[in-house]
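The block underneath contains the structure these notes are about, expressed in structure tokens.
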Amino acid sequence: TRCIIDCTELFCQKPSSLRHQSSLFSSYKHHVTYKGLLGISPSGAITFISQLYDGSISDKEIVVRSGFLNKELWNENDSVMADRGFTISDHLNTINVKLNIPSFLNGQLQLSKEDATESQTIASLRIHVERAILRIKVFRQISNEIPLVFHGSINQIWTVTCLLCNFLPPLIKK
């Protein structure tokens, strides 16, 4: 596995324009948000940071728009680990990268023993990207509702905050 990915949302101040409210509104968070994609290495270092998008965008669309699928970033037969919501295997297949996501029931009452074990393994490793996101969200600039005056520079604030987390003690202790 080369990268473990997940999206996160940052609350922002509600704009007065209804058009902007609509594009920033996240039906998942029921609030106006910015949404970004984060990728970590298996050792826990943040290795991919997308720009922030309006909260209404889907995780799959962020993967497509963010440059994550740039062929130059990947070696043949690399693997990406993600949550079930990332139905991006068709996009990854075009660059010869495999997607590891927990198994779906697909109409079954329960998973096979092998699928259940694999899903538990993926979940136990995927938790590290959640921990990386929590580290980012403690920074004061983005931990609260982001004021609209930061709209023009929020991507720089987001990127620097993410990169600063790589200078913290290791996320995964050996």
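The values are calculated or read from the model by the stated rules, or taken from the named source; none is laboratory data. Note that the coordinates shown come from a computational prediction; the quantities given were computed from them, not determined experimentally. FYI the Cβ positions are ideal-geometry reconstructions off the backbone, even for glycines, and counts take in every protein chain you see. Note: accessible area is taken over every heavy atom of the protein model, side chains too, but ligands, DNA and RNA are not part of it. Shrake-Rupley method; radii C 1.70, N 1.55, O 1.52, S 1.80 Å.
Within the stretch 134-148, the set of residues being aliphatic (A, V, I, L, M) and in contact (Cβ under 8 Å) with a residue 60 or more places away in the chain comprises ILE136, ILE142, ILE146, LEU148. Every test in (1) exposed (fewer than 15 other Cβ atoms within 10 Å of the Cβ); (2) out of contact with any helix residue (DSSP H, G or I) (no Cβ under 9 Å at 6 or more places or on another chain); (3) more than 30 Å from ARG19 (Cα to Cα) is passed by LYS98 save one, and that test is (2). For the stretch 101-139, a residue qualifies if it is at pLDDT 65 or above, in a loop (DSSP other than H, G, I, E, B) and either open to solvent by 60 Å² or more (accessible area, probe 1.4 Å) or in contact with a strand residue (DSSP E or B) (Cβ under 8 Å, 6 or more places away or on another chain) (or both), and the qualifying residues are ILE101, GLN110, VAL138. If you check CYS12, CYS7, which single one turns out to be within 27 Å of ILE172 (Cα to Cα) and crowded, with 20+ Cβ neighbours inside 10 Å? Just one listed residue meets the conditions, CYS7.
Looking at the structure I just gave you, is ILE142 modelled with pLDDT of 90 or more and either open to solvent by less than 50 Å² (accessible area, probe 1.4 Å) or part of a loop (DSSP other than H, G, I, E, B) (or both)? Let's see the steps before the verdict.
Numbers: modelled with pLDDT of 90 or more: no; either open to solvent by less than 50 Å² (accessible area, probe 1.4 Å) or part of a loop (DSSP other than H, G, I, E, B) (or both): yes.
Criteria not met by ILE142.
Scan the stretch 1-16 and report the pairs whose first residue is under 14 Å from ILE154 (Cβ atoms) and free of Cβ contacts under 8 Å to residues at least 60 places away in the same chain and whose second residue is open to solvent by 10 Å² or more (accessible area, probe 1.4 Å) and outside any strand (DSSP E or B), with Cβ atoms within less than 8 Å and a gap of 6+ or a chain change. From the stretch 1-16, the pairs are GLU9/TYR28; GLU9/LYS29. Among the residues of the stretch 40-77, the one identified as closer than 30 Å to SER17 by Cβ, in a strand (DSSP E or B) and open to solvent by less than 30 Å² (accessible area, probe 1.4 Å) is TYR53.
Selection of the stretch 145-167 for residues being of a type in the set (A, V, I, L, M), open to solvent by 70 Å² or more (accessible area, probe 1.4 Å) and within 19 Å of ILE46 (Cα to Cα) yields VAL160, LEU163, LEU164.
Within the stretch 27-39, can one find any residue that is open to solvent by 40 Å² or more (accessible area, probe 1.4 Å), more than 19 Å from LEU134 (Cα to Cα) and charged (D, E, K, R)? No.
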